[in-house]
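Inspection log for the structure reproduced underneath, given as structure tokens.
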Amino acid sequence: MKRGFLLAALVFAACTGRAAPSVAPPDTTAASSSSLATATSTASEPVEPSPGEAGLGDSLYPQLGNGGYDIEHYALDLDFADGVLIGTARLTLRATEPLSSFYLDFSGLDVSSVSVDEQPAAFETAKELLIRPARPLTAGRVASVRIDYEGTPGAVVNFAGRFPVGWHESLDGWFALSEPGGAERWFPSNNHPSDKATFSMRITVPDGLVAVSSGVLEGTESIDGQVTYLWELDDPAAPYLVALAIGDFERREDESAGGVPIVNYFDSDLDVADLSIFDRQPEMIDFFAGLFGPYPFNEYGALVLDTVQAPAALETQTRSTFGTQILVLGEPVVAHELGHQWFGDSVSVADWGDIWLNEGFATYAQWLWTEHSGGPAALAAEVVAGYKTMAGASLIESTGSEAAAYELARASFPPPGSPSADDLFSQSVYVRGGLTLHALRLELGDRRFFELLESWATDHRHGNATTRDFLDLVGLAGGAEARGLMEAWLFSPDLPPIDELNLRPPS
Ligand code: ARG
Ligand code: ZN
């Protein structure tokens, strides 16, 4: 994965002096508990409307998302010119409990008015947007919430990673990169992967600029020196996975042999040679569809930016976003983001603490592509290199011995099943997460392993899943032994051995 960050990651992890995490799987059910109030109310005892919570109780980021409702659809009308964003967001939401008020995750822009079902609503802006409808919402009620806003969008400190998230300037335009919390900087949302919704976007920019988002481009409208791009995302997406870029892009269309339309947007200033890493996307899609089940959306593509602001890629739904510097990683990063469309985008986490279900699976998808294009030895080399990194290979010189390096590695690479909130994208989540799946493959054999991967993608398609769901599936496929093996890989401070490749931690 992101080899360029390894050093920074190591330095960062080493400085935090994190304590060894416990081996028990964390409770990841908190995100769904907010709907319990509805289930326990009865017709004879009406529940008094009360304020919705300002967070969903996520195990890593309790403040993300909001309680008391589910969003079904976002219609965003965004007008961006001269650095100013003028937005109208129309949200269709269903109250899951009687609500006197509720929150949306939104910050940094000025709200001018809010209405609920066309009635003006009182609102407050502080860290989030608090809305008090003229009349409380009854449980089960579908409401239409309109928010008008305006301002100069920007980025917000990223509590989970190494660079700010939200709205950024590129060399010839602007873009959003939102994982995990940045969406609040450009539209109001229930900003948590457990509440996925469909999106319609009208994005208006001055003539000469192109506005790219997730989904399918339904058309463009030109009036008075401005052009409006109409994007439709009709499978549910988590807010952080909605792509947005405004700039000078070339649209390039392709199609996989299996019939998946591919629509890439490449910044016009980029070197054609650097873009050749996307040539095999059609073949990759069909390869992954053969392993994981049909591609989950109706279109795919790459959105490649000309920027030095974000040394990363993000699996934005239907159209993955790539910063310029990440392109040096080549085809593996292209396969990684594509793999996320099944694992992360279609099957989403219900709690950020289960991030390895995104990153471990995408890393393994990337390794499967390496195996497909380079043969079994290429996969083995990847696994061996990943294992050695996790065992502290790069720390031997500074610590003086393999054993001392491993001691330090144990602190730097906490087990992937229990990441810390300030290091969501740790090397362990990616690399040990990928090794976890390789260990499962060796335990189950190829036939049962690939059946399991396809079941995982199929059973939770367009939904949410937890590490517990994964362990249950492993238990069904491979019994208690396979489940125990997975628990050790995910939660034990020690690195389990891979005997087949003669890999074990230094003693
Ligand atoms: N999910 C992205 C990927 O692995 C990583 C995003 C990194 N973002 C960050 N803020 N550090 O493809
Ligand atoms: Zn990833």
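Which FRET efficiency value, to the nearest 0.05, is calculated for residue 276 and residue 385 with the Förster distance at 22 angstrom and r the Cβ-Cβ distance? Walk me through the intermediate numbers first.
Values: r = 24 Å, r/R0 = 1.10.
That gives a FRET efficiency of 0.35.
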Could you check the spin-label model distance between residue 82 and residue 454? Points 7 Å from the Cα along Cα→Cβ, value in nm. 5.8 nm
Cα extents of the range 66-247 along the three principal axes, largest first (Å): 47, 39, 30
Between residue 255 and residue 125, what is 0.36 nm times their sequence separation minus the Cα-Cα distance? Round to one decimal in nm. 42.3 nm
Along Cα→Cβ, 7 Å out, is where each label goes; now give me the distance between the ones at residue 73 and residue 94 in nm to one decimal. 1.4 nm
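Taking R0 as 25 Å, what FRET efficiency do you get between residue 462 and residue 291 from their Cβ-Cβ distance, rounded to the nearest 0.05?
0.85
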Sparsely packed GluC sites (Glu not before Pro) within the range 114-159, loop by DSSP, other Cβ within 10 Å at most 15: 118
Taking one equal scatterer on every alpha-carbon of the chain, how large is log10 of I(q)/I(0) by Debye at q = 0.08, 0.11 1/Å? -0.50, -0.94
Residues meeting the amide H criterion for residue 320 (H placed from the backbone, H to H distance under 5 Å, 5 or more places apart or on another chain) are 301, 303
Relative contact order as a percentage, the chain, C-alpha pairs under 8 Å and 6+ apart, gives 14 percent
Estimated vicinal HN-Hα couplings, Hz - the range 184-195 in sequence order (Karplus 6.51, -1.76, 1.60; Gly, Pro = x): 4, 7, 9, 8, x, 8, 8, 7, 8, x, 6, 10
Spelling it out for residue 53: with amide H atoms placed in the peptide plane at 1.01 Å from N, the residues 5 or more places away or on another chain with amide H under 5 Å from its amide H are 67, 68
Would you compute, from DSSP H runs of 4+ residues alone, the mean residue ellipticity of the chain at 222 nm, taking -39500 (n - 2.57) per run and dividing by the full residue count, rounded to the nearest 500? -8500 deg cm²/dmol
Using r as the Cβ-Cβ distance of residue 152 and residue 447, and R0 as 51 Å, what FRET efficiency do you calculate, to the nearest 0.05? 0.40
Determine ³J(HN,Hα), in whole Hz, for all residues of the range 365-375 in sequence, where each value follows from phi through the Karplus function 6.51 cos²θ - 1.76 cosθ + 1.60 and θ = phi - 60°; x replaces Gly and Pro. 4, 4, 5, 5, 5, 4, 5, 5, 8, x, x
Amide H proximity to residue 244 below 5 Å, modelled H, separation 5+ or other chain, gives 176
Provide the per-residue ³J(HN,Hα) series for the range 303-312, in order, calculated from phi with Karplus coefficients 6.51, -1.76, 1.60 and θ = phi - 60°, each as a whole number of Hz, with x at glycine and proline positions. 10, 10, 8, 9, 7, 10, 7, 9, x, 7
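Values in this text are rule-based calculations from the coordinates and carry no lab data. All figures in this text were calculated on a predicted structure; none of them were measured in a lab. Neighbour counts are summed over all protein chains in view; Cβ atoms, including those assigned to glycine, are modelled from backbone coordinates with ideal geometry.
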